[in-house]
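See below for the structure under consideration.
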Amino acid sequence: MARFFVNIIVQPLFMKIKIIVFAAVLLFRGIIVINAQEQQNEKKNPYYKPTETSKLTVSNAEWKKVLAPEVYNIMREKGTERSNTGPYVHNEKKGLYYCAACGHLLFSSATKFDSHTGWPSFYQPYGNGSVSTSKDADGERDEVMCARCGGHLGHVFDDGPAPTGLRYCMNGYALNFVPNP
Ligand SMILES: [Zn+2]
């Protein structure tokens, strides 16, 4: 009789421990799978090469496979993120901003300023070969593109601060910030 009571009290306890251990194993395996997927996503874009400067010609069909949807929409379809919804608007860390599509060096935090527009803004590109500009289709605004891959970044206006008087109004999703070590 005593053995019977031990069985009904102790056995469920063992079952509970087994279930907890089993759940912990599943959770741990899930975390490993998610991490592996994240790493795969980062590796998925073979055109992202910060050390390369040669011009890139990649079809939109190919870009669509390797860019996140919001990045593709901005960079290949000239979309615009809504004000204050993209990354880096209030990023005050020191570092460099690279093209989100190809890894080309575009801007330094040293020329970033708060334009109160809700988009990350700079008064000049990192170097002469960082960006290219051309008139929008309607001829009104000056479009800014990555000089390496031609990806759309935003627009440049002439109401910026000294010393250039320019305001490079960028989509945060078109940029990839790397903080200084
Ligand atoms: Zn680029």
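The values are calculated or read from the model by the stated rules, or taken from the named source; none is laboratory data. Because the structure is a prediction, the values reported are computed rather than measured. For neighbour counting, all protein chains shown are included, and Cβ atoms are generated from backbone atoms with ideal geometry for every residue, glycine included.
Structure summary
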| quantity | calculated |
| --- | --- |
| Residue list for segment 101-113, filter: surrounded by 20 or more Cβ atoms within 10 Å (Cβ to Cβ) and either assigned to a helix (DSSP H, G or I) or away from the ligand (no atom under 16 Å from the Cβ) (or both) | K112 |
| Among (1) within 15 Å of the ligand (Cβ to nearest atom); (2) at pLDDT below 95, the one test that D136 misses | (1) |
| Residues of segment 117-135 that turn out to be within 11 Å of Y97 (Cα to Cα) and among the aromatic types (F, W, Y), as a count | 2 |
| Single match in Y98, Y126 (criterion: within 14 Å of the ligand (Cβ to nearest atom), surrounded by 18 or more Cβ atoms within 10 Å (Cβ to Cβ) and in a loop (DSSP other than H, G, I, E, B)) | Y126 |
| Filter result (aromatic (F, W, Y) and touching a residue at least 40 places away in the same chain (Cβ under 8 Å)) within segment 64-108 | Y88, Y97, Y98, F107 |
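Here is a yes/no grid of residues against (1) assigned to a loop (DSSP other than H, G, I, E, B); (2) of a type in the set (D, E, K, R); (3) buried (at least 20 other Cβ atoms within 10 Å of the Cβ):
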position	(1), (2), (3)
S132	no, no, no
G139	yes, no, no
G150	yes, no, no
G154	no, no, yes
G160	yes, no, yes
T164	yes, no, no
